[in-house]
Every structure is written in C-alpha cells, then in structure tokens.
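Just so it is clear, none of the values below were taken in a lab; they were calculated from the coordinates. On a predicted model such as this, the values are computed, not experimentally measured, just so you know. All Cβ positions, even for glycine, are placed from backbone atoms using ideal geometry, and neighbour counts span all protein chains on display.
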Amino acid sequence: MLQQLPRPAPDIAPSGPPRARGLLRITAEVDATGAARLGLLRQEGALRALFPRLPNRVEAVVLNTSGGATGGDRLRIEAEAGPGAHLRLTTQAAERAYRATGSVPARIRNHLRVATGARLDWLPQETILFEGCHLDRRLTLDLAPGGRALIVEPVIFGRVLMGESLRDARFRDRVEIRRDGVPLYLDALSFSGDVTAHLARPAVANGAAAMASVILAAPEAESHLAPLRAALPAAAGATLLAPDLLVLRLLAADGFDLRAALLPVLDRLTGGTLPASWRL
C-alpha cells in the first residue's frame, strides 16, 4: 500500500485571492500480477489529468484548465511511483506564463517521489514565457535507492516567429534531486528585467531564445553519454555528474529548433515511447 502523500506545503499559500489554484496528486503501483495501475488520484481546481490505457506503465497527461499561469496563481503536482511501478507525466500542450500585474508571481511547485525499483518520467512540453510574466517554479525529486527518473524541462523565452521578446519579465526556476535524503543534483536560474538582452550575452546563451535541461538518474546513464554527444548540435552538451547521473543542456534559436534537437534525445532515453502529445 502506498503511503498517502502529505498535504501541500504552506509555502504555496497565496497572500491574496489567486486567479487560479490547482492541485494534482497521483500515485502509481503494481498489482499482484505485476500490472501497472493507478493508486491514488486527487484533482482540485485548475489541474486535471487524462490517462491513456497502456499495459506497462501509468501515464498521466496533465491539463491546466486556466489556460496558463499569471500573477497570483498557485499550482502544485505531487506524484509518486510506488515499488516496481512506472509512472510517466506529460502535458497536453505547452504551459504559458502570461503577464502578471503587481509583484505577486505565479508559483508552481512540483514534488516527485520514486520508490525502490520504480521509475518516474517527468516529460512536460515547453513552458513559454511571455512579456511581463513573473513565474516562480520549483521541482523536487526524491529517489529511493534503486529508483530511476528521467526529467526534462524545456523553456521558450518568447516566440521568435511571432516577433516576441522579453524586455520586462521575471523567471525563477529550481530543480533539486535527492537520493535517500542525500542531495544529488541542484540547478537554479533567475532572470529579471530585459531577459532577451541577458540571453544575448555570449557567456549566457549567445542569443538563444529556447533551452532545455534533461536529467537521467539511472544505472544505465553512462551508456547513453557517447551516443548522445555524437548526436547533439553545437549549442548543446552532455556530461556525467556520477556514473548513474547524466545531465544534458540544449540551447536553440527558437522553439522549433529546440524541439528538433530534443526529440531524438527523448526518443533514446524513453526507448522510443515518448508520449503521443509530443508528436501533435
């Protein structure tokens, strides 16, 4: 029996009436025959999930019914893959961070847990940042010994083909991974003000308007390093932080080029089973 996930932490409580609130809790488990099944599901507010029928894993397609995130929104996902289970989360479409009024950000908090012998894939589609946005996002992943996880976080800093740029925007992002309570990976970035000008600096992004981070925590991580390096474009790199921890970062001129470079990476790391929503 999976332990029930705790209630949302107090740090996501809004200081005033939010435009949208959403909570999604999902657990995956295996039954007596070894088949994957949904354990717990709780949906509140703007967050909902659809579940394609798949024989060997639980796959959740997440929807934000508010249409995007703006100042005052509070969204949280809590997901757990129980012992031996495979849980995969993706999104129906790109998330959008719209203009915020005042100083209150949209806050997104995602907390993932992976039990021994389990696997969790976090595969959201792109987050698109719009002029005037104020987004504060955190992802925390707790791995038990023997747990596997694949994480991707793609971000688009304004849609280039639409003539968009970010001259006044704020974006904070933090990814933290722990194994058996011990810190394994920590990455954080913060942009404020003229984001487009900041990205234009050669030491930052050299003019790129899209980026993605990919993290694979699994015993087979090292076997993917050489093939991925051989296939990556010039504005990308991959490294091993540990024999079982592969980290990859991609920069691209726009969202189209980012996806073109990212899809082969995710196809390889998912064994050709990338969610159908990524192909639409």
Within a Cβ distance under 14 Å of S192, other residues only, what is the Lys/Arg minus Asp/Glu net charge?
-2
At a 10 angstrom cut-off on C-beta neighbours, averaged per residue, how do the peptides 21-27, 259-265 rank from highest to lowest?
21-27, 259-265
Which of L228, L280, L241 sits closest to the plus end of the dipole of segment 201-280, meaning its Cα is farthest towards the positive end, when Lys and Arg get +1 and Asp and Glu get -1 on the C-beta?
L280
Where the centroid of each part is defined by its Cα atoms, how far is segment 96-130 from segment 240-280 in Å?
17 Å
Pick out which of A94, A188, A203 has the largest mean-square fluctuation in a Gaussian network model of the chain, springs linking Cα atoms closer than 10 Å.
A203
Distribution output for the chain: share of Cα-Cα pairs per 5 Å bin in percent, first bin at 0, values 1, 5, 13, 17, 19, 18, 14, 8, 4, 1, 0, 0
What's the ranking of 82-88, 226-232 by average number of surrounding C-beta atoms within 10 Å, highest first?
82-88, 226-232
In segment 118-219, what percentage of the DSSP-assigned beta bridges are antiparallel, given to the nearest 5?
55 percent
Using only Cα atoms, locate the centre of segment 25-86 and the centre of segment 131-193, then give the distance between them in Å, rounded to an integer.
20 Å
